Amino acid sequence: MDQFAAFVHVVWIVALGNFWGQRILVWAKYKFDSELERTAFGFAAGFGSFGLLLAILGSLGFFSASACYLFFISLTVLLFFGWKDLPPWNPRLIFEALQKSPLLWALSAVLALAIIQSMTPSTAHDALAYQLEIPKRFALAHRICYVPYGVNSVFPLLMNMFYVLSLLWDGTRMANLFHCVTGLGIVIGLLAIERRFIPKSWLGISALIFALTPGIFGQMSLAYTDVALSFFIFFVFYSILKWQETADLKWFVLAGIYLGFAFGVKYLAALAAISVTAYLIVLASLRKIKLGPALAGLFLMASISFLIGFAWYFRSFLYEGSFLYFGEKGYIAKNLGYLNSFALPWSMTMHPQYFGGSWTRLGIIFLAFLPGLFLIRKKPAAANTFLFWGIIYFCLWTLLPRQNLRFLFPVCALWSLPIGHLIASGFPEKWLTKWSRIFIFAILIIEAGAAFYHGRNSYRVALGLETEEDYLKRTERTYAVAQFVNTNLPENAKILNAYEVRMFHFRPEVIREPEFRQKTHYDTRFATSEETVDFLKRAGITHVLIAPSDAAEKQIFPPRNIRQLVSDAQVGKSRFKELYREPSQKDSESGYTVLSLI
Amino acid sequence: MRKEFPKNHRFRRDFWTILWFLWLLIVASFYFFDLFISKLK
């Protein structure tokens, strides 16, 4: 499948989800302010439901290219039978909006750039380590299965269901595109709220601030899950806003559905659930809302999100005996010290490397412009509410075991709205209005330039001027060794891997040594090296992959750890046979080595 | 222009306005200085 076909497939699935979502919402008598708002809500509802349907298909063992085609074609045919139920959708409105706001052109260009960058074969770290690796296992097994020694396989995987579909139909490009369209979903949602109070000539400012946030733009074109999580969380909040405006409890039902989807994407959906609860309690204690309906709503939301999202957690419990899994802890405590965490907003903007990597940086717009909001008195209710939700979510983020900037993407979506309003409405002082606008546009232009520059490696392959293979050879360190493994080792080989986490390109089963060690204690439980190797053979291991690793070179392993065993005086030569050694440019000892167990 | 703020609040408002504008400049200069210097290194 080429780039264009991959793009058409994603458009088909997303549009189908959108129309189905809208149809069901209209059928359930939800009232929307505008067609744009209906599109936004329908988008989120349809997309999430498709993820859930794919999960059901996968659990039943129908993960194959033809079964998925059959499924989505039937949904398309069914939709056409009920086409008349959908109120007319008028494309003229888009052209009118584009005529009035130049910002929408800029926004379209930014989204087009994100789509082009998505057309690149994935080389992102977490994607190759598990976001695509686990879906690859599912696609090869044609079902959602348990991956022993792959703890990420028991995470909630709603978004990864789209990645399975992508791998069945095309490859990693479609997966990137699916993540990209969740960003588009937030953009449509932001536009739908913006148009209520931002003048038409400024329409698109909040969406532009959101989409150009460096971390968000960078991640939109990768098969990760943070933008997808923000997408569902955004609509949880948006539904609560609609409840406040209409006092109709069925908006809580919708919030519960979105929250259930969010729980299906990542544990962090809990922050949204707590934020909404805290918000309603505060409002009820200030007597701004009645406690009864709020409690009823919360109960509805909680039970529906439980129904929709709990299956993932139950699956984890079935296989691993625990509903949740936590990784490494504590960025604030570890890297900055508690004293510095008082200046947290400053530190996280200026030193993103301490908060999960500089590629997830949030840019300076939030740090610079949020204080400016205190200089304007009258803010629209929606902007105020979003600001407040963002603050609660941010406070909860500081309490997380791990402060990663990408966990704050939902807050960026929420805060872009009040900042957009600040820029569009201006200040009583003319000079301030003028200079703050010049300032924000300068930053947006720099951010757009940086976004374009960071994708420089990908344009040739995205536009079809370079083959995927050449691109991967050039950029992906595991590609050559994976090619060797895929062509020379049997399909059912079982490879013990110390320590390459980017496992996507390997077709046979690759088992990460740390997790294998944690569960079997193979390197400490036997008295001799011979017995250890015998145990590995009994466990089904047929091959060993030793990866270059600076961290591993410095580490001291027990004598019967696999990294020591392969060079052991006793068994190194007699029980292991070297099949492949990759020369590395700097040091011939440090390339990948593949050995077979004798 | 000053409708939102009574006359006696004018000084206070000007103070905060200028303070915020300075904040914008400080944040931007620190951020971009750091970004470009680290690139040059």
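The values are calculated or read from the model by the stated rules, or taken from the named source; none is laboratory data. Because the structure is predicted, anything quoted here is derived from the model rather than measured. No Cβ is skipped: glycine too gets one built from the backbone with ideal geometry, and neighbour counts run over all protein chains shown. Protein only, heavy atoms only, side chains kept; ligands, DNA and RNA dropped before computing areas. Shrake-Rupley method; radii C 1.70, N 1.55, O 1.52, S 1.80 Å.
Could you list, in sequence order, the residues of the range A:479-505 that are over 30 Å from the mean Cα position of the chain (by Cα) and charged (D, E, K, R)? Talk me through it step by step, then tell me what you get.
Residues of the range A:479-505 over 30 Å from the mean Cα position of the chain (by Cα): A:484, A:487-493.
The answer is A:Glu491, and nothing else.
Go through the range A:1-31 and report how many residues are more than 30 Å from A:Leu465 (Cβ to Cβ) and either among the aliphatic types (A, V, I, L, M) or touching a strand residue (DSSP E or B) at 6+ places or on another chain (Cβ under 7 Å) (or both).
Qualifying residue count, the range A:1-31: 5.
Exactly one condition in (1) surrounded by fewer than 21 Cβ atoms within 10 Å (Cβ to Cβ); (2) part of a helix (DSSP H, G or I) is false for A:Ala383; which is it?
For A:Ala383, the failing item is (1).
Got a sec? Which of A:Ser201, A:Ser206, A:Ser275 is of a type outside the set (A, V, I, L, M, F, W, C), in contact with a Leu (Cβ under 6 Å, 6 or more places away or on another chain) and either outside any helix (DSSP H, G or I) or more than 24 Å from A:Phe7 (Cβ to Cβ) (or both)?
None of the other options fit; the residue is A:Ser206.
Listed here are the residues, each with its yes/no results for (1) surrounded by 16 or more Cβ atoms within 10 Å (Cβ to Cβ); (2) within 14 Å of chain B (Cβ to nearest Cβ); (3) without any contact (Cβ under 8 Å) to a residue 24 or more places away in the chain; (4) closer than 30 Å to B:Leu25 by Cβ.
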{"position": "A:Ala442", "(1), (2), (3), (4)": "no, yes, yes, yes"}
{"position": "A:His454", "(1), (2), (3), (4)": "no, yes, no, yes"}
{"position": "A:Ser458", "(1), (2), (3), (4)": "yes, no, no, no"}
{"position": "A:Leu463", "(1), (2), (3), (4)": "no, no, no, no"}
{"position": "A:Thr467", "(1), (2), (3), (4)": "no, no, yes, no"}
{"position": "A:Leu472", "(1), (2), (3), (4)": "yes, no, no, no"}
{"position": "A:Thr475", "(1), (2), (3), (4)": "no, no, no, no"}
{"position": "A:Ala482", "(1), (2), (3), (4)": "yes, no, no, no"}
{"position": "A:Asn486", "(1), (2), (3), (4)": "no, no, yes, no"}
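How many residues does the range A:399-429 contain that are more than 14 Å from chain B (Cβ to nearest Cβ), small (Gly, Ala, Ser) and either surrounded by fewer than 24 Cβ atoms within 10 Å (Cβ to Cβ) or on the phi > 0 side of the Ramachandran plot (or both)?
At the first step, the residues of the range A:399-429 found to be more than 14 Å from chain B (Cβ to nearest Cβ) are A:399-418, A:420-421, A:424.
Of the ones still in play, those that are also small (Gly, Ala, Ser) are A:413, A:416, A:420, A:424.
Adding the requirement that they be either surrounded by fewer than 24 Cβ atoms within 10 Å (Cβ to Cβ) or on the phi > 0 side of the Ramachandran plot (or both) leaves A:424.
Matching residues across the range A:399-429 total 1.
What number of residues within the range A:122-146 are in a loop (DSSP other than H, G, I, E, B) and either buried (at least 20 other Cβ atoms within 10 Å of the Cβ) or among the small types (Gly, Ala, Ser) (or both)?
Qualifying residue count, the range A:122-146: 5.
Return a yes/no flag: does the range A:286-297 have any residue that is at pLDDT below 90, open to solvent by less than 50 Å² (accessible area, probe 1.4 Å) and more than 30 Å from A:Asn384 (Cβ to Cβ).
no
Among A:Ser153, A:Ser166, which is hydroxyl-bearing (Ser, Thr, Tyr) and modelled with pLDDT of 90 or more?
Step by step, each of A:Ser153, A:Ser166 is checked, and only A:Ser166 is hydroxyl-bearing (Ser, Thr, Tyr) and modelled with pLDDT of 90 or more.
When you go through A:Ile438, A:Ile376 one by one, which is the residue that is within 24 Å of A:Lys288 (Cα to Cα), surrounded by fewer than 23 Cβ atoms within 10 Å (Cβ to Cβ) and within 14 Å of chain B (Cβ to nearest Cβ)?
Going through A:Ile438, A:Ile376 in turn, just one is within 24 Å of A:Lys288 (Cα to Cα), surrounded by fewer than 23 Cβ atoms within 10 Å (Cβ to Cβ) and within 14 Å of chain B (Cβ to nearest Cβ): A:Ile376.
Would you say A:Leu222 is open to solvent by 10 Å² or more (accessible area, probe 1.4 Å), within 30 Å of A:Phe138 (Cα to Cα), out of contact with any Leu (no Cβ under 6 Å at 6 or more places or on another chain) and in a helix (DSSP H, G or I)?
no
Taking chain B, which residues are within 28 Å of A:Leu444 (Cβ to Cβ) and modelled with pLDDT under 70?
Selection gives B:Met1, B:Glu4, B:Ser38, B:Lys39, B:Leu40, B:Lys41.
Looking at A:Leu432, A:Leu396 in this structure, which one is within 14 Å of another protein chain (Cβ to nearest Cβ) and touching a Leu at 6+ places or on another chain (Cβ under 9 Å)?
Result of the check over A:Leu432, A:Leu396: A:Leu432.
Taking into account only those residues within the range A:341-352 that are within 22 Å of the chain's Cα centre (by Cα) and either over 19 Å from A:Leu212 (Cα atoms) or more than 10 Å from chain B (Cβ to nearest Cβ) (or both), which is surrounded by the most Cβ atoms within 10 Å (Cβ to Cβ)?
A:Met348
Got a number for residues in the range A:286-324 being in contact (Cβ under 8 Å) with a residue 24 or more places away in the chain, assigned to a loop (DSSP other than H, G, I, E, B) and touching a helix residue (DSSP H, G or I) at 6+ places or on another chain (Cβ under 6 Å)?
Residues in the range A:286-324 being in contact (Cβ under 8 Å) with a residue 24 or more places away in the chain, assigned to a loop (DSSP other than H, G, I, E, B) and touching a helix residue (DSSP H, G or I) at 6+ places or on another chain (Cβ under 6 Å): 1 in total.
Output the helices (runs of 4 or more DSSP H) that fall wholly within the range A:482-583 and possess 1 or more residues being closer than 24 Å to A:Phe138 by Cβ, or say none.
Hits in the range A:482-583: A:513-520.
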